[in-house]
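Read the figures in this text as sums done on the coordinates, not as results from a lab. Computed from a predicted structure; not experimentally measured. Please note: Cβ atoms are built from the backbone with ideal geometry, for glycine as well, and neighbour counts cover all protein chains shown.
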C-alpha cells in the first residue's frame, strides 16, 4: 500500500513537473546570455539622450552669448542718448528674455541628463545640483520647464507691448498671453500627478 502510495506520489509529481515544465522551464544558458546582452544594449541606449543634452547645453550657451551681445549693443545705443527711456528699455527686456531662454535650456539639459543618464553616486559632490533642480521623474522636468516658459512669455509680452501703439492690439495680445499662462498654470497645478495617485 505504501509502495503504491509512493508510486502515485512519484507519478503525480512527475505529472506536475511535466505539466508545469512548459510554463516554468529553466532557460538555457544561451537564452540567458541573449537576454542579458539585449538588456545591456537596451540600458546602453539611454546614452542616446546625451545628444539632446549636448545640443540643449550648446543652445543655452548661444542664448547667453546672444544676450551678452545685445547688452553690449544696448550700451552703444543708450549711452550717447539715454533719454527718452521708453523706446530703449525694450533692448534690456530682450536681454532678460534671452537669458531666461538660456536658463530654460540649461534646466532641460540637466533634467534629461539626471533622468536618463546620471546614476546614484556615493559622493554626491561629484554631480551636485541645488534641491530645486533635483528631478525624480518627467513631471518634475515638465513643471520646471513650464515655469520658465511662463516667465519667458511674460517678459516677451512686455517687450512686444512697448512697440504696440494700438490699444486694441495690446489687449488682444495680453489676453492671448494670459490665456496661455493660465493654461500652463492649470497644467502645473492639476496635471502633475498621475491619475492613479
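Here are some notes:
- Ordering of 73-79, 51-57 by burial proxy (mean other Cβ atoms within 10 Å per residue, highest first): 51-57, 73-79
- Based on C-alpha pairs under 8 angstrom that are at least 6 apart in sequence, region 42-190 has a relative contact order of 28 percent.
- A simple spin-label model places the labels of residue 44 and residue 73 4.6 nm from each other, with each point 7 Å out along Cα-to-Cβ.
- Extension gain, residue 115 to residue 166: 0.36 nm times the residue separation minus the Cα-Cα distance gives 13.7 nm.
- Tensor-based shape of region 42-190 (alpha-carbon gyration tensor, a/c under 1.5 rounded, otherwise prolate or oblate): oblate
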